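Peer 1: Got a structure here, written out as structure tokens. Questions coming.
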Number of protein chains: 2
Amino acid sequence: MNNIFSSIPADIPMEICEDLLQNEHIRIERILSQGQSSPPDSWYDQDENEWGLVLKGSGIVVYDDGSQVKLETGDYLNIPAHKKHRVSWTDPDRVTVWLAIFYN
Amino acid sequence: MNNIFSSIPADIPMEICEDLLQNEHIRIERILSQGQSSPPDSWYDQDENEWGLVLKGSGIVVYDDGSQVKLETGDYLNIPAHKKHRVSWTDPDRVTVWLAIFYN
């Protein structure tokens, strides 16, 4: 057993991604952010679907159609494969803990 | 976008399971418990692996080898397919919110 809120550094100078589980069909990842965002005009274009949940903190996901979603603690969304998206903002004042489930 | 902590009834007379996402490889389920447990000598013996995370609350998972794990908020574990287990206790005084990911 592990705890999803353990081993969170006091400072997150760069986003920290950690695989919690992986097989041929799914990958469960914990992502820690604090103020990081995707570079401008840089889009995630993934072969896998992604189900993402904010466990703590806050972030904004932007899609290439211009729509955007601000996620707070407990908010989750599903991003189909190849739906282009980027993270335009994460809270600079506290750590945001994301749970991301990538799946086929 | 939805919130994992929304639509939680004030009383949970029976466990409430809700599929958040499902395809051929994975199923993401939210489970709400308050004091429920598996019937004595009743074991889950699942064809799928299960990755479970306690988002809020507390529960105890027991395996058929007699070992048991108490999970508090943020604790997660992985239960391989056909590893027999049961939930012997959930907190009667507050709602426990589980995130369960069943996968092949």
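Nothing in this text is a laboratory measurement; each read-out follows from the coordinates by a stated rule. This structure is a prediction, so every number in the text was calculated from the model and none was measured. With ideal geometry, Cβ positions are generated from the backbone for all residues, glycine too; neighbour counts draw on all protein chains shown.
Peer 1: I'd like the distance separating the alpha-carbon centroids of region B:17-68 and region A:3-53, in whole Å.
Peer 2: Comparing the Cα centres of region B:17-68 and region A:3-53, I get a distance of 25 Å.
Peer 1: For the protein assembly as shown, go through all pairs of different Cα atoms, get the mean of 1/r, take its inverse, and jot down that Kirkwood value in Å.
Peer 2: It is 18.0 Å.
Peer 1: Would you mind listing the distances between the residue A:47 label point and the same position in each other copy? Use 7 Å along Cα-to-C-beta, nm, one decimal, shortest first.
Peer 2: Ordered by increasing distance: 2.8 nm.
Peer 1: Any chance you could get the radius of gyration and Dmax over the Cα atoms of chain A, in Å?
Peer 2: Using the Cα atoms of chain A, the pair Rg, Dmax is 13.2, 41 Å.
Peer 1: Kindly provide the GluC sites (Glu not before Pro) of region B:24-104 that DSSP labels as loop, not H, G, I, E or B, and whose Cβ sees at most 14 other Cβ atoms within 10 Å. Before the final figure, lay out each step's value.
Peer 2: On the way: sites: B:24, B:29, B:48, B:50, B:72; in loops: B:24, B:48.
Counting only loop positions with at most 14 other Cβ atoms within 10 Å, the GluC sites (Glu not before Pro) in region B:24-104 are B:24.
Peer 1: Let me ask you something else. Inter-copy label distances at residue B:64, 7 Å along the Cα→beta-carbon direction, one decimal in nm, shortest first?
Peer 2: Label point to label point, same position, other copies: 4.9 nm.
Peer 1: Show me the chymotrypsin sites (Phe, Trp or Tyr not before Pro) within chain A that DSSP assigns to loop and that have at most 14 other Cβ atoms within 10 Å of their Cβ. Walk me through the intermediate numbers first.
Peer 2: Values: sites: A:5, A:43, A:44, A:51, A:63, A:76, A:89, A:98, A:102, A:103; in loops: A:5, A:43.
Sites meeting the loop and neighbour criteria: A:5, A:43.
Peer 1: Tell me which B residue has its C-beta closest to the axis rotating B onto A, and the distance in Å?
Peer 2: Residue of B nearest the axis onto A, distance in Å: B:25, 2.
Peer 1: Right, something else. About its Cα centre, what dipole magnitude does the protein assembly as shown give when the only charges are +1 on Lys and Arg Cβ and -1 on Asp and Glu Cβ, stated in debye to the nearest 20?
Peer 2: Working: 16 positive and 34 negative charges, 82 e Å.
Taking the Cα centre of the protein assembly as shown as origin, the dipole is about 400 debye.
Peer 1: If you take the square roots of the eigenvalues of the alpha-carbon gyration tensor of region A:1-55 and sort them as a ≥ b ≥ c, do you get rounded (a/c under 1.5), prolate (a/b over b/c) or oblate?
Peer 2: Details: a/c = 2.37, a/b = 1.02, b/c = 2.33.
Oblate, because a/c is 1.5 or more while a/b does not exceed b/c.
Peer 1: Can you list the distances in nanometres, one decimal and ascending, from the residue B:104 label point to the identical position in each other copy, with the point 7 Å along Cα to Cβ?
Peer 2: Those separations, rounded to one decimal, come out as 0.7 nm.
Peer 1: Using a simple spin-label model with points 7 Å from Cα along the Cα→Cβ vector, what separation in nm is obtained for residue A:63 and residue B:104?
Peer 2: Label-label distance for residue A:63 and residue B:104, simple model: 2.7 nm.
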